[in-house]
Amino acid sequence: MPAPLIEPVARLIESFARLPGIGPKTAQRLTYHLLRAPDGEARTLAAALVAVRDQVVFCERCYNISDAPLCPICRDPNRDQLRICVVEEPLDVLALERTGEFKGLYHVLHGAISPIDGVGPDRLKIRELLGRADEASRSGSPFDEVILATNPTLEGEATAMYLAERLEAVVGIVSRIARGLPVGGDLEYADEVTLIRALQGRRAV
(Lines give C-alpha, C1' and ligand atoms only; values in the text may rest on other atoms or scores of the structure.)
Protein backbone atom coordinates (compact mmCIF):
# COMPACT_ATOMS: atom_id res chain seq x y z
CA MET A 1 0.00 0.00 0.00
CA PRO A 2 1.55 3.37 -1.08
CA ALA A 3 2.34 5.88 1.63
CA PRO A 4 -0.20 8.73 1.78
CA LEU A 5 0.98 12.11 0.51
CA ILE A 6 1.21 14.95 2.98
CA GLU A 7 -1.41 17.62 2.36
CA PRO A 8 0.74 20.44 0.83
CA VAL A 9 2.32 18.04 -1.67
CA ALA A 10 -1.01 16.47 -2.64
CA ARG A 11 -2.55 19.92 -3.09
CA LEU A 12 0.27 21.09 -5.38
CA ILE A 13 0.07 17.92 -7.51
CA GLU A 14 -3.67 18.40 -7.82
CA SER A 15 -3.19 22.06 -8.82
CA PHE A 16 -0.63 21.18 -11.52
CA ALA A 17 -2.85 18.37 -12.84
CA ARG A 18 -5.68 20.86 -13.46
CA LEU A 19 -3.53 22.78 -15.97
CA PRO A 20 -4.11 22.00 -19.67
CA GLY A 21 -1.73 19.44 -21.13
CA ILE A 22 -0.46 18.23 -17.74
CA GLY A 23 -1.44 14.75 -16.58
CA PRO A 24 -1.05 13.17 -13.14
CA LYS A 25 2.48 11.86 -13.79
CA THR A 26 3.75 15.20 -15.08
CA ALA A 27 2.10 16.96 -12.14
CA GLN A 28 3.97 14.68 -9.76
CA ARG A 29 7.30 15.28 -11.54
CA LEU A 30 6.82 19.05 -11.41
CA THR A 31 5.96 18.92 -7.73
CA TYR A 32 8.97 16.80 -6.78
CA HIS A 33 11.22 18.99 -8.93
CA LEU A 34 10.15 22.00 -6.87
CA LEU A 35 10.72 20.08 -3.64
CA ARG A 36 14.31 19.40 -4.69
CA ALA A 37 14.93 22.82 -6.26
CA PRO A 38 16.69 25.68 -4.44
CA ASP A 39 14.42 27.73 -2.24
CA GLY A 40 14.74 30.77 -4.51
CA GLU A 41 13.44 28.91 -7.58
CA ALA A 42 10.20 27.89 -5.91
CA ARG A 43 9.66 31.37 -4.48
CA THR A 44 10.36 32.98 -7.87
CA LEU A 45 7.72 30.73 -9.46
CA ALA A 46 5.23 31.57 -6.73
CA ALA A 47 5.88 35.31 -7.14
CA ALA A 48 5.48 35.04 -10.93
CA LEU A 49 2.10 33.31 -10.53
CA VAL A 50 0.86 36.00 -8.15
CA ALA A 51 2.13 38.77 -10.45
CA VAL A 52 0.27 37.29 -13.43
CA ARG A 53 -2.98 37.40 -11.50
CA ASP A 54 -2.39 40.84 -9.99
CA GLN A 55 -0.76 42.75 -12.85
CA VAL A 56 -1.98 41.25 -16.14
CA VAL A 57 -5.29 42.44 -17.60
CA PHE A 58 -6.99 42.29 -20.98
CA CYS A 59 -6.62 45.22 -23.35
CA GLU A 60 -9.79 47.31 -23.42
CA ARG A 61 -9.65 47.56 -27.21
CA CYS A 62 -8.37 44.27 -28.63
CA TYR A 63 -8.59 41.94 -25.58
CA ASN A 64 -5.00 40.80 -25.86
CA ILE A 65 -3.11 40.39 -22.58
CA SER A 66 -1.71 43.65 -21.27
CA ASP A 67 -0.23 45.40 -18.26
CA ALA A 68 -2.23 48.60 -18.93
CA PRO A 69 -5.71 49.53 -20.21
CA LEU A 70 -4.33 49.37 -23.78
CA CYS A 71 -1.77 46.75 -24.82
CA PRO A 72 1.59 47.75 -26.37
CA ILE A 73 0.33 46.98 -29.88
CA CYS A 74 -2.77 49.17 -29.55
CA ARG A 75 -0.62 51.94 -28.03
CA ASP A 76 1.88 51.87 -30.90
CA PRO A 77 1.11 54.77 -33.30
CA ASN A 78 3.29 53.16 -35.98
CA ARG A 79 0.95 50.18 -36.42
CA ASP A 80 -1.41 50.17 -39.40
CA GLN A 81 -4.63 51.42 -37.79
CA LEU A 82 -6.82 50.34 -40.73
CA ARG A 83 -5.92 46.66 -40.76
CA ILE A 84 -7.04 44.17 -38.10
CA CYS A 85 -6.15 40.51 -37.68
CA VAL A 86 -8.71 38.45 -35.75
CA VAL A 87 -7.38 35.51 -33.72
CA GLU A 88 -8.80 33.06 -31.22
CA GLU A 89 -6.30 33.38 -28.36
CA PRO A 90 -3.55 35.71 -27.08
CA LEU A 91 -0.95 33.03 -27.91
CA ASP A 92 -1.93 33.44 -31.58
CA VAL A 93 -0.89 37.10 -31.39
CA LEU A 94 2.55 36.03 -30.16
CA ALA A 95 2.88 33.53 -33.01
CA LEU A 96 1.99 36.12 -35.65
CA GLU A 97 4.20 38.80 -34.11
CA ARG A 98 7.18 36.44 -34.26
CA THR A 99 6.91 36.44 -38.05
CA GLY A 100 7.39 40.22 -38.21
CA GLU A 101 5.09 40.21 -41.26
CA PHE A 102 1.89 41.78 -39.91
CA LYS A 103 2.05 45.46 -38.95
CA GLY A 104 -1.60 46.13 -38.14
CA LEU A 105 -3.78 45.69 -35.06
CA TYR A 106 -5.38 42.61 -33.54
CA HIS A 107 -8.65 41.47 -32.03
CA VAL A 108 -8.66 38.42 -29.73
CA LEU A 109 -11.93 36.47 -29.59
CA HIS A 110 -10.94 34.22 -26.66
CA GLY A 111 -12.25 31.10 -28.32
CA ALA A 112 -14.27 29.95 -31.30
CA ILE A 113 -17.94 29.28 -31.91
CA SER A 114 -18.70 25.70 -30.90
CA PRO A 115 -22.39 24.83 -30.45
CA ILE A 116 -21.52 21.31 -29.33
CA ASP A 117 -19.62 22.81 -26.38
CA GLY A 118 -22.26 25.46 -25.73
CA VAL A 119 -20.04 28.30 -26.99
CA GLY A 120 -22.05 30.79 -29.02
CA PRO A 121 -21.09 34.22 -30.38
CA ASP A 122 -22.25 35.86 -27.14
CA ARG A 123 -19.54 33.96 -25.20
CA LEU A 124 -16.76 35.46 -27.31
CA LYS A 125 -15.49 39.00 -27.99
CA ILE A 126 -17.43 39.13 -31.26
CA ARG A 127 -19.80 41.95 -30.29
CA GLU A 128 -16.78 44.07 -29.42
CA LEU A 129 -15.15 43.36 -32.81
CA LEU A 130 -18.32 44.29 -34.69
CA GLY A 131 -18.52 47.43 -32.57
CA ARG A 132 -14.97 48.40 -33.55
CA ALA A 133 -15.78 47.89 -37.23
CA ASP A 134 -19.05 49.85 -37.00
CA GLU A 135 -17.41 52.71 -35.14
CA ALA A 136 -14.60 52.94 -37.71
CA SER A 137 -17.13 52.92 -40.55
CA ARG A 138 -19.26 55.65 -38.95
CA SER A 139 -16.18 57.81 -38.39
CA GLY A 140 -15.45 57.82 -42.12
CA SER A 141 -12.30 55.68 -41.83
CA PRO A 142 -13.51 52.07 -42.23
CA PHE A 143 -10.98 49.29 -41.85
CA ASP A 144 -9.22 48.54 -45.14
CA GLU A 145 -9.00 44.87 -44.24
CA VAL A 146 -10.03 42.43 -41.55
CA ILE A 147 -7.95 39.25 -41.67
CA LEU A 148 -9.68 36.24 -40.14
CA ALA A 149 -6.88 34.14 -38.65
CA THR A 150 -8.96 31.66 -36.67
CA ASN A 151 -7.67 28.10 -36.54
CA PRO A 152 -8.30 25.72 -39.49
CA THR A 153 -10.71 23.60 -37.45
CA LEU A 154 -14.45 23.14 -37.82
CA GLU A 155 -14.98 25.66 -35.02
CA GLY A 156 -12.47 28.10 -36.50
CA GLU A 157 -14.03 27.86 -39.95
CA ALA A 158 -17.53 28.37 -38.54
CA THR A 159 -16.35 31.41 -36.62
CA ALA A 160 -14.66 32.87 -39.72
CA MET A 161 -17.81 32.40 -41.81
CA TYR A 162 -19.97 33.98 -39.12
CA LEU A 163 -17.68 37.01 -38.88
CA ALA A 164 -17.30 37.39 -42.65
CA GLU A 165 -21.07 37.66 -43.11
CA ARG A 166 -21.31 40.42 -40.52
CA LEU A 167 -18.22 42.38 -41.46
CA GLU A 168 -18.36 42.53 -45.24
CA ALA A 169 -20.78 45.47 -45.27
CA VAL A 170 -18.67 47.74 -43.05
CA VAL A 171 -15.03 46.99 -43.99
CA GLY A 172 -13.08 47.20 -47.23
CA ILE A 173 -11.96 43.56 -47.47
CA VAL A 174 -12.58 40.51 -45.31
CA SER A 175 -9.82 37.97 -45.94
CA ARG A 176 -8.95 34.54 -44.54
CA ILE A 177 -5.43 33.28 -43.88
CA ALA A 178 -4.31 30.64 -46.39
CA ARG A 179 -4.23 26.99 -45.42
CA GLY A 180 -2.23 24.23 -47.01
CA LEU A 181 0.89 22.09 -46.80
CA PRO A 182 3.47 22.97 -44.15
CA VAL A 183 7.00 23.73 -45.28
CA GLY A 184 8.99 20.49 -45.23
CA GLY A 185 5.86 18.32 -45.35
CA ASP A 186 5.31 15.40 -47.74
CA LEU A 187 2.23 15.09 -49.95
CA GLU A 188 1.81 11.41 -49.11
CA TYR A 189 1.29 12.22 -45.42
CA ALA A 190 -1.16 15.09 -45.92
CA ASP A 191 -4.86 14.52 -45.29
CA GLU A 192 -7.46 15.16 -47.96
CA VAL A 193 -8.75 18.42 -46.47
CA THR A 194 -5.22 19.88 -46.31
CA LEU A 195 -4.58 18.91 -49.93
CA ILE A 196 -7.87 20.44 -51.05
CA ARG A 197 -7.03 23.69 -49.24
CA ALA A 198 -3.55 23.70 -50.77
CA LEU A 199 -4.98 23.28 -54.27
CA GLN A 200 -7.63 25.96 -53.73
CA GLY A 201 -5.01 28.38 -52.42
CA ARG A 202 -2.54 27.86 -55.27
CA ARG A 203 -1.00 30.90 -56.96
CA ALA A 204 1.26 31.72 -59.86
CA VAL A 205 4.97 31.10 -59.36
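The values are calculated or read from the model by the stated rules, or taken from the named source; none is laboratory data. None of the values given here were measured: they were computed from a predicted structure. Glycine gets a Cβ as well: all are built from the backbone with ideal geometry, and neighbour counts include every protein chain shown. Side chains are part of the model used for accessible areas, which takes the heavy atoms of the whole protein and leaves out ligands, DNA and RNA. Shrake-Rupley method; radii C 1.70, N 1.55, O 1.52, S 1.80 Å.
In table form, for the structure just shown:
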quantity: Residue list for segment 13-28, filter: assigned to a helix (DSSP H, G or I) and open to solvent by 60 Å² or more (accessible area, probe 1.4 Å); calculated: GLU14, PRO24, LYS25, GLN28
quantity: Count of segment 99-111 residues which are under 21 Å from PHE58 (Cβ atoms) and modelled with pLDDT under 95; calculated: 1
quantity: Residue ID - farthest from TYR106 (Cα to Cα), chosen from residues in segment 48-67 that are surrounded by 12 or more Cβ atoms within 10 Å (Cβ to Cβ) and not charged (D, E, K, R); calculated: VAL57
quantity: Hits in segment 2-57 - residues which are closer than 30 Å to CYS71 by Cα and polar (S, T, N, Q); calculated: SER15, THR44, GLN55
quantity: Residue count, segment 132-163 (criterion: outside any helix (DSSP H, G or I), open to solvent by 30 Å² or more (accessible area, probe 1.4 Å) and either in contact with a Leu (Cβ under 9 Å, 6 or more places away or on another chain) or among the small types (Gly, Ala, Ser) (or both)); calculated: 6
quantity: Tally of residues being open to solvent by 40 Å² or more (accessible area, probe 1.4 Å) and farther than 15 Å from ILE147 by Cα across segment 71-94; calculated: 7
quantity: Among the candidates ARG132, ARG127, residue that is free of Cβ contacts under 8 Å to residues at least 12 places away in the same chain and farther than 25 Å from ASP191 by Cα; calculated: ARG127
quantity: Qualifying residue in segment 29-47 (condition: under 20 Å from the mean Cα position of the chain (by Cα), acidic (Asp, Glu) and either more than 30 Å from GLY100 (Cα to Cα) or open to solvent by 90 Å² or more (accessible area, probe 1.4 Å) (or both)); calculated: no
